[in-house]
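Written out below as structure tokens is the structure these notes cover.
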Amino acid sequence: MSNPFDAIVIGGGIAGVSLAYELASERTVVLLEAESTLAHHTTGRSAATWLGTYGNEPVRALAAASRSFLVEPPEAMFEAPLTKPLGLLYVAGLGQSAALRALHRSVAELTPEAQLLDRQETLAANRLLHPERIEGGLIEPGAMDVDVNELHAGYARALRRRGGQIVTRSRVIAAERVSTGWRVTTSAGDTYTSPVVVNAAGAWVDEVAALHGAAPIGVRPLRRTMFAAPADGVDLASVPMTFAIDHSFYFKPEGPQLLCSPQDETLSPPGDAKPDELEIARAIEAINEITTLNIRHVRSPWAGLRTFAPDSTPVVGWAADADDLYWYAGQGGYGIQIGPAMARFAAAEILGHPVPPDIAATLSDPSVLSPRRFAAAPARS
């Protein structure tokens, strides 16, 4: 016997739970998660932040539209504040100032508070930087830390309060067209029917699409290594998150230590990503070159997969080649900071509502998100 719902959402990361929550305001929804717990892969391994200057233009537009939700979320939805001030500083080593100026030109419209800094201003913004190896910087004072655990848990709680069901240990293994839309079968032996299936399966979205007879879009699961480094004797108060403009590292304060990354992007198969020791060593060398930290060892290395579409823009919209299959994929490393706006955008499209005005104000051309950009196809009626 099949369990009927108005919408089936496949994938329990921040993408899946946020969109399922939005849909549940008007529809019956079931969320199917392959693992025993939600957010086991990318979401649960994120160095969660809101950075208005991070990502390409569609990503930054969605981030801008998500900010108000993260700063002032719906009352009673969360049990703790979601954000706290962080600040973000991009730093240019010797000969790299042109890259800073190019970044500033690209982000100025959506993040007008971002400012270029000269060498002395950059050193004042982060006193851990080496005074002889810095040429300049760009600061984004409004960058924030995001409590990813509370954000995800709050969406999941609110989804249940709206009557939505969450089913774990339920990998989708088959899908077929039936008179009522789709019937999907899970590894637990259960079946579910719905007029609409949302493919929010992260690194597995192409596999899920194939089960529904849709062509893959060519998502790339890219490994990102992270590690904690001790900062014994170093006062981290007021130290901003710091990015190398050449993408060789970033670090940010995390209690008494630094959370660091080599910003690696290594193509990896879907699964449990493992940290790359060589990338960690490279990042330590790069950080020590441009700072006075002198990191010598690390604690708690880990890795996650950041899933990108071929053009690094999220894929949000109806499949061109499978009726009533909705792509919700390719959030890359931006899923936390764009999640609230992207979920409202997608829910509006699925429910047949106009694009929310605040999203339309920042995302000038919503069609840039459509999966139809990867293949010419007639419009969905």
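Can you tell me how many residues in the stretch 210-245 are exposed (fewer than 15 other Cβ atoms within 10 Å of the Cβ) and more than 23 Å from Trp50 (Cβ to Cβ)?
7
Among the listed residues Arg306, Arg296, Arg372, which satisfies the condition of being closer than 29 Å to Arg224 by Cα, of a type outside the set (Ser, Thr, Tyr), surrounded by fewer than 21 Cβ atoms within 10 Å (Cβ to Cβ) and touching a residue at least 24 places away in the same chain (Cβ under 8 Å)?
Arg372
Between a residue in the stretch 153-179 that is without any contact (Cβ under 8 Å) to a residue 12 or more places away in the chain and any residue that is crowded, with 16+ Cβ neighbours inside 10 Å and part of a strand (DSSP E or B), which pairs come within a Cβ distance under 7 Å, given they are 6 or more apart or on different chains?
Arg160/Ile166; Glu176/Arg183
Show the residue pairs meeting these rules: Cβ distance below 8 Å; 6+ apart or different chains; first residue within the stretch 106-117 and of a type in the set (Asp, Glu); second residue not in a loop (DSSP other than H, G, I, E, B).
These pairs meet every condition: Glu113/Glu140.
Give me the pairs, please: first residue somewhere in the stretch 213-238 and free of Cβ contacts under 8 Å to residues at least 40 places away in the same chain, second residue anywhere and open to solvent by 20 Å² or more (accessible area, probe 1.4 Å) and of a type outside the set (Val, Ile, Thr), beta-carbon distance under 6 Å, and either six or more positions apart or on two chains.
Pro216/Asp206; Leu236/Pro253
Hey, could you check the stretch 289-311 for residues that are touching a Gly at 6+ places or on another chain (Cβ under 6 Å) and part of a loop (DSSP other than H, G, I, E, B) and say which is farthest from Leu369 (Cα to Cα)?
Pro310
Tell me which residues, restricted to the stretch 300-311, are in contact with a strand residue (DSSP E or B) (Cβ under 6 Å, 6 or more places away or on another chain) and not charged (D, E, K, R).
Ser300, Pro301, Trp302, Ala303, Gly304, Leu305, Thr307, Phe308, Ala309
Among the numbered criteria (1) farther than 26 Å from Lys84 by Cα; (2) open to solvent by less than 60 Å² (accessible area, probe 1.4 Å), which single criterion is violated by Leu363?
Of the numbered conditions (1) farther than 26 Å from Lys84 by Cα; (2) open to solvent by less than 60 Å² (accessible area, probe 1.4 Å), the odd one out for Leu363 is (1).
Just one of Gly317, Gly339 is part of a strand (DSSP E or B) and closer than 21 Å to Arg306 by Cβ; which is it?
From the options Gly317, Gly339, the qualifying one is Gly317.
Output the number of residues of the stretch 217-245 satisfying the condition of being in a loop (DSSP other than H, G, I, E, B) and touching a Phe, Trp or Tyr at 6+ places or on another chain (Cβ under 6 Å).
2
Here are the criteria: (1) touching a Lys or Arg at 6+ places or on another chain (Cβ under 9 Å); (2) surrounded by fewer than 24 Cβ atoms within 10 Å (Cβ to Cβ); (3) at pLDDT below 95. Tell me which single one Leu351 does not satisfy.
Answer for Leu351: the failing condition is (3).
Which members of the stretch 358-369 meet the condition of being free of Cβ contacts under 8 Å to residues at least 60 places away in the same chain and either outside any helix (DSSP H, G or I) or in contact with a Leu (Cβ under 7 Å, 6 or more places away or on another chain) (or both)?
Once the filter is applied, which keeps residues that are free of Cβ contacts under 8 Å to residues at least 60 places away in the same chain and either outside any helix (DSSP H, G or I) or in contact with a Leu (Cβ under 7 Å, 6 or more places away or on another chain) (or both), the stretch 358-369 yields only Asp365.
Of the residues that sit in the stretch 179-209 and are closer than 15 Å to Pro221 by Cα, modelled with pLDDT of 95 or more and open to solvent by less than 20 Å² (accessible area, probe 1.4 Å), which one is farthest from the chain's Cα centre (by Cα)?
Val208
Considering only the stretch 64-72, I want to know if a residue exists there that is at pLDDT 95 or above, within 30 Å of Ala237 (Cα to Cα) and assigned to a loop (DSSP other than H, G, I, E, B).
yes
Can you run down the residue pairs with Cβ atoms below 8 Å, 6 or more apart or on separate chains, where the first is in the stretch 60-83 and farther than 12 Å from Ser18 by Cβ and open to solvent by 30 Å² or more (accessible area, probe 1.4 Å) and the partner is polar (S, T, N, Q) and not in a helix (DSSP H, G or I)?
Ala64/Thr111; Val71/Thr83
Within the group Asp276, Asp323, Asp272, which residue is over 30 Å from Glu109 (Cβ atoms), among the acidic types (Asp, Glu) and either in contact with a strand residue (DSSP E or B) (Cβ under 6 Å, 6 or more places away or on another chain) or crowded, with 19+ Cβ neighbours inside 10 Å (or both)?
On inspection, the qualifying residue turns out to be Asp276.
The values are calculated or read from the model by the stated rules, or taken from the named source; none is laboratory data. Being a predicted model, the structure only gives us computed values, none of them experimental. Glycine also receives a Cβ, built like all others from the backbone with ideal geometry; neighbour counts cover every protein chain displayed. Side chains are part of the model used for accessible areas, which takes the heavy atoms of the whole protein and leaves out ligands, DNA and RNA. Shrake-Rupley method; radii C 1.70, N 1.55, O 1.52, S 1.80 Å.
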